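Undergrad: If you scroll down you'll find the structure; I have some questions about it.
The values are calculated or read from the model by the stated rules, or taken from the named source; none is laboratory data. Source: prediction; values computed, not measured. All Cβ positions, even for glycine, are placed from backbone atoms using ideal geometry, and neighbour counts span all protein chains on display. When the accessible area is computed, the model is the full protein with side chains, heavy atoms only, and any ligands, DNA or RNA have been set aside. Shrake-Rupley method; radii C 1.70, N 1.55, O 1.52, S 1.80 Å.
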Amino acid sequence: MGTLSGQNVDAAAAWIVLLLLLLVAVLVGFELRRFSRERRRLRPKGVRGRLDVIRGDQHRMKEYIGDLHADAAVWRPFEHGLAAMALHQWGEAIGFFREAQAKANGAQFVPIANQIGVCHYMQARPDDAIGDFEEAARLATEYGDELGKAPALGNIAAIRYDYGDLAGALDYLQTALALVRKSGDQRVQAPYLDSIGSIYRELGDPEKALQFHEEALAISRGSGDSPGVASCLGNMGSSYCDKDELDEALQHFEKALAVSRDAGDRWGMAGLLAKVATVRRYRGELDEALALHEEALALLREIGYQAGVARELGSIGLILVDKKLYRQATPALAQALSTFLSMGTAHGQRQAILGLSKCDDRLGREEMQAMLEQAGLGDAVAADVLARVDKLRLRRPRQSRRRRAPFVLGRLAAGAR
C-alpha cells in the first residue's frame, strides 16, 4: 500500500507540474499575441497612418501639351503659361492659358483646360480643378483626343484620392492607363502605373502596389525621367513601410531624395523629405524629423502648393505635440486644419483635430481660443475647430478628465523629451 500511495503522490505531482507548465504556456502565448498585436499597431499601421495623414507623396499631376506647336497664335501664350508654371506663378499661368483659350479651336481646348486645372489644383482649389479636368475629358471625347483624355482622368483620380474615394480614383486611373496603352508609347504609361500602385497600397495590398511601382520605375529609368524615378522609388518606400520593412523603406526614400536633389526637382524633394521625416519620427528622432518637415515646408511655400503647405504644417504640429510644445503646435495645426476644411479633403483633418485636442487638454479652452485667434482664424472658423475638438473628445473621455489635473501635467511636462 505504501508503494502504491507513493506512486499516486508522484502521479499527482506530475499532473500538477504539467498543469502549471500548460498555464505558463498559455500566459506566454497570450502575452506574445498581445505584443505582436501591439507591434503591428505601432509599426506598419502606425507608420502608414502617419504617411497617409499629412501626406508628402502627392500624386503628380498629369500635364498635357497636345499638338499646339503648329498654331503660333495659340502656342505663344500657352508657352508663356508653361513658363509661369515652372516659376510656380499659378495665377499668371492661368491668365496666359485663358489668352490661348480665346484663340483656340477644336482639340486645342483639351490641353489648355487640363493645364488650367493643374494650376487651380496647386492653388488649393480642387472643385475648380475637377471642373477643368472634366471639361478637358469631355472635349477630348468630343474631338477624339484619347491621349488628351487620359491625363484629365488621371488628374480627376488624384483629387478623388484626396477626398478619400480610393475606388473612384482607381477606376479613373485604370481607364486612363487603358487609353495611353493604345498609343503604344510606354513612356506615358509610367505615371499612371505609379499612381495605381499607390492606390493598391492604400487599399492594403503593398505587394501588388510594389509590382506597379517596379513596372513604372523600369519605364521611367529607361526614358530618363528623373522625377518619375524619384516618385517610383519613394512610393516603393511607402509600400515597404506598410510591410514593416523600415530599413528598406528608408533606403528607397533616401535614394529617391538624392535623385530629386540632383534633378533640382523641388516638388519631388518636398514630398521625399516628408517621407524620410515620417520614419525618423517613428524612430523617436523628433528633432531630425522636425528639421526635415521644415525644409519641406519651405520648398512647398516657395512652390506655392497650399495643400502641401497645410500637410507639412500639420506634420510639424504633430511632432511639436510629441515634444510637449503645445503652444508652438497649436498655430501650426490650426493653420493646417483651416486649409483642409476649406478644401474639403479627407486627408489630414482628423489628425490635425486630434493634435489640437491634445493641446486643448493641456492649455485649456480660454488659452486655446486666444491662440486660434492669434493664428488668424476668424471667429466662425475658430468656433468650428473647437466644436470639432469637443466632438472628438466625446470619444476620449479620459483625455478630457486630464484637463482637471494641471499639477499632474506639470510633472509630465518636466519629464518630457
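Undergrad: Using Cα centres only, tell me the gap between the range 152-185 and the range 200-258 in whole Å.
TA: After rounding, the separation between the Cα centres reads 19 Å.
Undergrad: Oh, and also: Would you mind getting me the FRET efficiency between D71 and E294? Use the beta-carbon distance for r and R0 = 35 Å, nearest 0.05.
TA: Values: r = 45 Å, r/R0 = 1.29.
For R0 = 35 Å, the calculated efficiency reads 0.20.
Undergrad: Could you order peptides 73-85, 354-366 by the average number of other Cβ atoms within 10 Å of their residues, highest first? Display every interim value, and only then the final one.
TA: Working: 73-85: 18.6, 354-366: 20.2.
Per-residue mean Cβ counts within 10 Å order the peptides as 354-366, 73-85.
Undergrad: Give me the percent of the accessible area of the range 119-190 that comes from carbon and sulfur atoms, probe 1.4 Å, all protein chains in place. Show your work: numbers first, answer last.
TA: Working: 1360 of 2940 Å².
Here it works out to 46 percent.
Undergrad: While we're here: Accessible area of V259, 1.4 Å probe, to the nearest 10 Å²?
TA: Accessible area of V259: about 40 Å².
Undergrad: With a cut-off of 8 Å between alpha carbons and a minimum separation of six or more residues, what is the relative contact order of the range 206-353 in percent?
TA: On the way: 193 pairs, mean separation 20.7, N = 148.
The normalised contact order for the range 206-353 reaches 14 percent.
Undergrad: Rounded, prolate or oblate: pick one for the range 177-268, where a ≥ b ≥ c are the square roots of the eigenvalues of its C-alpha gyration tensor, a/c under 1.5 means rounded, and failing that, prolate if a/b is larger than b/c, else oblate. The partial results should precede the final answer.
TA: On the way: a/c = 2.40, a/b = 1.16, b/c = 2.07.
It comes out oblate by the Cα gyration axes.
Undergrad: Also, I was wondering about something else. Could you work out the local net charge near Q369, counting Lys and Arg as +1, Asp and Glu as -1, over the other residues with Cβ closer than 10 Å to its Cβ? Can you show the working numbers first?
TA: Working: positive: R365; negative: D360, E366, E367, E373, D379.
After counting each charged neighbour, the total is -4.
Undergrad: Does the range 258-368 classify as rounded, prolate or oblate by the C-alpha gyration tensor (a ≥ b ≥ c root eigenvalues; a/c under 1.5 gives rounded; else a/b over b/c gives prolate, otherwise oblate)?
TA: Details: a/c = 2.47, a/b = 1.52, b/c = 1.63.
Taking the square roots of the gyration eigenvalues as a ≥ b ≥ c, the range 258-368 is oblate.
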